[in-house]
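This report refers to the structure that appears directly beneath it.
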Amino acid sequence: IKQKIVNLDIFIKMDTIILCRFCNLVYDEPKFLPCGENICTECIRTVVDKLECIHCDQVHSIPANSFPDNKQLKNILNLTSKPYARYQEAKSEFKKFKKTYESGRHKIESYSKELIQEINFKISLKLKELSNCKNELISQVDDYEKECLSYFEANQETIMDQKFSFIINRVEEEIKNRSLISEENLQIIEKLKNDIITSHNELNEAIFNGNYLTYEDPNYNYNLAGTLKTQKRKCYDRKKLSSIHLIDYSNSYPLDQTLIRVACLKNGNFAICYIRETSLKLIVEIHDFKHRSLLNFFEYSFKGNYNSILKSYENVIVLAEINSKYLVVFDLFLNKLVEKTFKFNLSSLFCFQQFIGVIDNTREENKSFIYILDNDLNNLLTIENDAMSLSFPHPIEYCFASENYIFFREKEFLNVLNNSASLVSRLNFPKELKLIGVNVDYLMVWNRKDKCIVHMDLKGNECEKIDLINFNENNLEILYENESKRLVFVDVKKWNILKA
């Protein structure tokens, strides 16, 4: 600090050169007085006819054309005005610094005292408000308890005379039967346990009439003490969703309805891909289902057994023809932008930001490669176990990507990579789970066994479940619209699209 102060000496000495001694400001157009002193033009304007020098007391008459310019001083000002302004700023900051340095202990004590006073004041207000909120919440719970008890007492016989009394009698007999405890009866015992768990959940549902009052912790909302809300578990009921029958709007009839591919576009339209029944050509179509119209279509001949992947992101559509190792990129109007034939089968495909990712499970045995491509399909990065010290002992089934992470399924694990292609985490992901979309805060996971959609955080914790009702799981594909954050259900057998 002392060294920095010494470095400022040159500017301190300049005070006597560039500051007007009449107003103590930087000269504005400096002038010579007959007595040899300098004065700025602004100071001359403050007098009418005569000016008295404040240093030698001589009185000077002001000429009609004012006093002569001090050109040498003016040149100095032109060279030093900017650094001098910075010096003044540095000087001001140094004064603040010095004041803090000299009164450091007092500043700490004073600031801490003010902070405690502020905390005491605000907390006292919050405690008063919290007490009021607590009383209100307890009152709501009391009302909820009365309502539930009233319903249960009025319907107790009906509830208990349902299948639950039969289950109690049947299960009690089977539980007492110790001859069940054998390796041969393992499946019977497992089914018995599952029946009990399912019936228990149904019993709770019946007792509370499906209405659960839950307490939301104040850490997760803006209310001081939290809030209470009555809610039923969310569900998607196929019968209540709006449905669009694709065949009514397609350019031709498909050869095999189970091979349809659907992608959600950024502008709200849909891209679909299928094989034409008559010509055995691959058809890609753009549909505006809002106005029930076919906007455009593209067709080409394919080789080998048909299997394709259709994806969309930003303003492009990406189609991968797996067995022919062919990949093509369209704009949203199906104008072909770029195409490429690879040397390997494209096992899977994902899109994120301005990049395309393709997966090769065939190049080497027990090894998977992820290639990151730009929009021109140039290879930017190869992710493999040797390059990253990652072990991919099983084929990668599919991939998704968000702004910060890449997610790929490998047998019964979901691997999470960051933007630097480093492994962040490895989540247990049983075969009944399927990742269908990623958001900033959570993963969208389809649990095919429990017939529900699960919102899962990046640590694998379940945040919310949404039941799927009246869906045929065997013919169902589920897509996630990133723009609208809505789910789209595709019945590949009946060629229907349903939007949640």
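Numbers at a glance
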quantity: Looking only at the stretch 235-257, and only at residues there that are assigned to a helix (DSSP H, G or I) and loosely packed, with under 12 Cβ neighbours inside 10 Å, the one that is modelled with the lowest pLDDT; calculated: D248
quantity: Scan of the stretch 308-352 for residues that are part of a strand (DSSP E or B) and acidic (D, E), ordered by number; calculated: E321, D331, E339
quantity: Every pair of residues 6+ apart whose Cβ atoms lie under 8 Å, when the first sits in the stretch 105-119 and is open to solvent by 100 Å² or more (accessible area, probe 1.4 Å) while the second is hydroxyl-bearing (S, T, Y) and assigned to a helix (DSSP H, G or I); calculated: K107/T100
quantity: So K98, is it at pLDDT below 80, surrounded by 11 or more Cβ atoms within 10 Å (Cβ to Cβ) and touching a helix residue (DSSP H, G or I) at 6+ places or on another chain (Cβ under 9 Å); calculated: no
quantity: Hits in the stretch 415-457 (condition: part of a strand (DSSP E or B) and open to solvent by 60 Å² or more (accessible area, probe 1.4 Å)); calculated: L423, V424, R426, N428
quantity: Count - residues of the stretch 37-53 that are assigned to a loop (DSSP other than H, G, I, E, B) and either in contact with a helix residue (DSSP H, G or I) (Cβ under 8 Å, 6 or more places away or on another chain) or open to solvent by 90 Å² or more (accessible area, probe 1.4 Å) (or both); calculated: 4
quantity: Residue in the stretch 269-277 that is open to solvent by 60 Å² or more (accessible area, probe 1.4 Å), among the acidic types (D, E) and not in a loop (DSSP other than H, G, I, E, B) present; calculated: no
quantity: Tally, over the stretch 353-381, of residues that are modelled with pLDDT of 75 or more, outside any loop (DSSP other than H, G, I, E, B) and of a type outside the set (A, V, I, L, M); calculated: 6
quantity: Some residue of the stretch 135-149 being at pLDDT below 75, open to solvent by less than 70 Å² (accessible area, probe 1.4 Å) and not assigned by the TED database to the domain that holds F289; calculated: no
quantity: Boolean, S182 is exposed (fewer than 12 other Cβ atoms within 10 Å of the Cβ) and at pLDDT 75 or above; calculated: no
quantity: Residues of the stretch 435-465 that turn out to be without any contact (Cβ under 8 Å) to a residue 24 or more places away in the chain and within 14 Å of L487 (Cα to Cα), as a count; calculated: 4
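Residue by residue, here is whether (1) surrounded by fewer than 17 Cβ atoms within 10 Å (Cβ to Cβ); (2) outside the structural domain of Y101 (by the TED database); (3) modelled with pLDDT of 85 or more holds:
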residue: I18; (1), (2), (3): no, no, no
residue: R21; (1), (2), (3): yes, no, no
residue: V26; (1), (2), (3): no, no, no
residue: E29; (1), (2), (3): yes, no, no
residue: C35; (1), (2), (3): yes, no, yes
residue: F67; (1), (2), (3): no, no, yes
residue: N78; (1), (2), (3): yes, no, no
residue: S81; (1), (2), (3): yes, no, no
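The values are calculated or read from the model by the stated rules, or taken from the named source; none is laboratory data. Since the structure is predicted, the reported quantities are computational estimates derived from the model, not experimental observations. Ideal geometry is used to build each Cβ from the backbone, glycine not excepted, and the neighbour counts take in all protein chains shown. These accessible areas exclude ligands, DNA and RNA; they are computed on the full protein's heavy atoms, side chains included. Shrake-Rupley method; radii C 1.70, N 1.55, O 1.52, S 1.80 Å.
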